[in-house]
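Visitor: My questions will all concern the structure given below.
The values are calculated or read from the model by the stated rules, or taken from the named source; none is laboratory data. These figures come from a predicted structure and were not determined experimentally. A quick note on method: Cβ atoms are made from the backbone with ideal geometry, for glycine too, and the neighbour counts reach across all protein chains shown. Areas reflect the complete protein model, heavy atoms only, side chains present, ligands, DNA and RNA absent. Shrake-Rupley method; radii C 1.70, N 1.55, O 1.52, S 1.80 Å.
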Amino acid sequence: MGLHEIAGTVCRALTAKKDGPSLYEVCDPVLQAYRGGDAHLGKFYRTALGNPPLRALLRRTGLPALKDPDRLACLRAALTQARDVETPDWAAIGAPVADLMDGIGVRHPAPPAATAPARPPEMAEIDRVIRTTGTHLLRSFGKNGFIPTYAAFNLIGDADVGGREMLMALTGLNARGYKNSTLLFNLARIFIAHSPARALINPPWHGIAEPMWEPVQIRHRSAYYDAFFTEALLSFVETGLASPDQADTARRATAEMVEFCLKTSAEEVPSHDGSVVKVITALAPGRHPRFSRFFAQIKQDLGFGIYVPDCDTTACSFSAATQAGSDDPILEQPLLDFYRGYQVRAGANEPRVTVPLNDNIDYEGGVVTWIDNLEGERPYGNDLDPTLNLDILEVSFRNLARWQIIETPQRLETVHRIIAFQKNLVESGAFRNPRSHIYYLPELYSAYFGRCYAAFIALPLAAQRIIDPGNVFALIRARVLGYVEGELIAHEMNPFDAALALMALAHLGAEVSSFTPALHCIVQGLGEGGRKGPYKAYEWNKMKTPTRILVGGPEVTSAFVLMALALAKRRMAAASRMTRS
């Protein structure tokens, strides 16, 4: 939005005719000041929703439905129960909020069709973008001592979370602070959806991946991000376009990031067989996540004080370290033995998925996200994401011999069951549906399947046949290529969309001619990031609860563009050699 549009939107929000009680008229009598009860609920309300800028924008927004005194009283009674009762009935508390959520009207993007350019960009232009993005990552590492990632809140919430899903979260999450924030964020969504401020909080965008709202971005560091920055810098060196000094710096940076993943972020957790295993935590303790003092306190106030390890960060960290040639003893642990304890087996284990926001898919054979720490804490309950399960397969293929997967029937069965889970997802067509994914978009699933497929076909043919006797990977490859070629690149994209599409196409062996739309989008978008980097920050991954929290950053976009172009360059060079011969 331009300054003129922003000013107009703010003016309309400040002068709107109010029709019904506002968010603050509903909540202030209950949550603004009180003694006893749950202190966090009031602190969250005052910090996240009652802050002066948001209060000014929403104070003129009322809900006509709450002019009914019975509905207003019911809503306030629910908030009072959440505040005062030691063990609240969260389904009952959430019911009056869920009843008001039907009119939010948040939808997934539907980009218009686009005409494909006739010719790809010149190789010199592609090389220029590779050098620019590689330099951006190295410069950021030199400036910060790490490569940062950012989180940003979108208060309008996620299109896949309606009243039903909000109730799932309230009853499935464990930490009370997280339940509090989910309840109040979803209540605020209702008022935002009916306010002129909606256009400011959730402006339209081009493509599918959402650009990140710039005024409030929380910079931080995580092993998950370091793992992918490691892969990006490795690909920069492999292109041969890095100068000798840059190559040396990239190797030093990857070594430091691998150490951050495997040592700084390592945490011991109990395994299902009674042993203790080292995994990788979502956020390392103490100063290591590199939050500013201000945001560290805000994070605590908002109820995000406890972080536990997760299966995805562990898999991606092990994979990046393997690719970087690490010989750290932690890599000797056969992760599949541990993941087996978190694999869903219908009717045979406890209900692992307590927050089934994507219950449109069959969970059988999938591995859930969150890992219990030594204290047994599980603040987020648990969910199951398809893309995470691709990462487990990918790291298993890279460590096939080290972990003796083919030689160990139990490990091979775990792999077979994850592959069967992916087959069911793709055969049903559900992988195209954003609702099927907890933390990612279908386009990112496609790119990550390409990454997984590349690790699979690098195995000896005999190993491929044992791992995939039913030729499932060929089936998934065909379906994913159909989505990328027929839907993703056939419509308007932003540079992040284009990078993901290009990664999928290059990894999955698509015709080089199909690269053209994505290549043009990436090359033409160079410079859109202004002073912050070559490209803007886009949605890489997200949390759907307690509201829509996007994670990405200019460096993230540079990393994905770099990896995509490096892959494309290698494929295009090979195709050119074949043509000449």
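Visitor: What full-extension length gain, to one decimal in nm, is calculated for Ala255 and Asn433 as 0.36 nm per residue of separation minus the Cα-Cα distance?
Guide: 60.3 nm
Visitor: Give, in nm to one decimal, the length gained when the segment between Glu528 and Ala420 is fully stretched (0.36 nm per residue of separation minus the Cα-Cα distance).
Guide: 34.7 nm
Visitor: Evaluate the charge dipole of the chain about its Cα centre and quote only its size in Debye, nearest 20, assuming +1 on the Cβ of each Lys and Arg and -1 on the Cβ of each Asp and Glu.
Guide: Computed about the Cα centre, the dipole is about 1460 debye.
Visitor: Roughly speaking, what is the centre-to-centre gap between the stretch 386-440 and the stretch 69-147 when only Cα atoms are used, to the nearest Å?
Guide: Result: 26 Å between the Cα centres.
Visitor: Could you give the length gained on full extension between Thr80 and Glu364, defined as 0.36 nm per residue of separation minus the Cα-Cα distance, in nm?
Guide: 98.3 nm
Visitor: Give the cross-link partners of Lys278 among the lysines, using a straight C-alpha distance below 25 Å as the criterion and excluding same-chain residues fewer than 8 apart.
Guide: Output for Lys278: Lys263.
Visitor: Roughly how many percent of the accessible protein surface of the stretch 45-118 is carbon and sulfur, given a 1.4 Å probe and a whole-percent answer?
Guide: Result for the stretch 45-118: 53 percent of the exposed heavy-atom area is carbon or sulfur.
Visitor: Using amide H atoms built in the peptide plane, which far-off residues or other-chain residues are under 5 Å from His491 H to H?
Guide: Those lying under 5 Å, H to H, from His491 are Ala114.
Visitor: Based on DSSP loop calls and a cut-off of at most 12 other Cβ atoms within 10 Å, the longest stretch of the chain free of exposed GluC sites (Glu not before Pro) is what? Intermediate values should be presented prior to the final figure.
Guide: Numbers: sites that count: Glu86, Glu122, Glu375, Glu407, Glu511.
Result, exposed sites excluded: 123-374.
Visitor: While we're looking at this one, here's another question. How high is the relative contact order of the chain, in percent, counting Cα pairs under 8 Å that sit 6 or more residues apart?
Guide: Taking the mean separation of contacting Cα pairs over the length of the chain, I get 19 percent.
Visitor: Quick check for me: using +1 on Lys/Arg Cβ and -1 on Asp/Glu Cβ, what's the dipole size of the stretch 3-83 about its Cα centre, in debye to the nearest 20? Working shown, then result.
Guide: Working: 13 positive and 7 negative charges, 33 e Å.
Here the stretch 3-83 has a charge dipole of around 160 debye.
Visitor: Given Cα pairs under 8 Å that are at least 6 residues apart, what percent is the relative contact order of the stretch 419-525?
Guide: Relative contact order comes out at 30 percent.
Visitor: For the chain, with the dipole built from +1 on Lys and Arg beta-carbon atoms and -1 on Asp and Glu ones, taken about the Cα centre, which of Ser513, Asn389, Pro109 lies farthest toward the positive end?
Guide: The residue sitting farthest along the positive end of the dipole is Pro109.
Visitor: If you don't mind, there's one more thing I want to ask. Could you check the simple spin-label distance between Arg402 and Ala574, using points 7 Å along Cα→Cβ, in nm with one decimal?
Guide: Those two pseudo-labels are separated by 2.4 nm.
Visitor: Assuming R0 = 41 Å, what is the FRET efficiency of Glu238 and Asn51, from their Cβ-Cβ distance, to the nearest 0.05? Each step should come with its number before you reach the end.
Guide: Working: r = 47 Å, r/R0 = 1.14.
In this case the efficiency is close to 0.30.
Visitor: Select one label from (1) 60, 38, 18; (2) 50, 26, 20; (3) 39, 29, 23: the one whose number is semi-axes √(5λ) of the Cα gyration tensor in Å as derived from the coordinates shown.
Guide: Looking at semi-axes √(5λ) of the Cα gyration tensor in Å for this model, the match is (3).
Visitor: Positive end of the dipole of the stretch 323-459, charges at C-beta (+1 Lys, Arg; -1 Asp, Glu), about the Cα centre: which of Ala430, Leu357, Val415 has its Cα farthest in that direction?
Guide: After comparing all options, I get Ala430.
Visitor: For the pairs Lys43/Lys542; Lys17/Lys67; Lys43/Lys544; Lys18/Lys67, flag any whose C-alpha to C-alpha distance is greater than 19 Å.
Guide: Numbers: Lys43/Lys542 24 Å; Lys17/Lys67 15 Å; Lys43/Lys544 22 Å; Lys18/Lys67 11 Å.
Too far apart for the 19 Å limit: Lys43/Lys542; Lys43/Lys544.
Visitor: Separate question: Compute, for the stretch 420-548, the length of the dipole vector about the Cα centre, with Cβ point charges of +1 (Lys, Arg) and -1 (Asp, Glu) only. Units Debye, rounded to 20.
Guide: Values: 13 positive and 10 negative charges, 99 e Å.
Around 480 debye, computed over the stretch 420-548.
Visitor: For the stretch 1-103, with the dipole built from +1 on Lys and Arg beta-carbon atoms and -1 on Asp and Glu ones, taken about the Cα centre, which of Ala95, Leu14, Leu66 lies farthest toward the positive end?
Guide: Result: Leu14.
Visitor: Evaluate the distance, in nm, between pseudo-label points positioned 7 Å from the Cα of Ala113 and of Glu375 along their respective Cα→Cβ axes.
Guide: According to this spin-label approximation, the distance is 5.7 nm.
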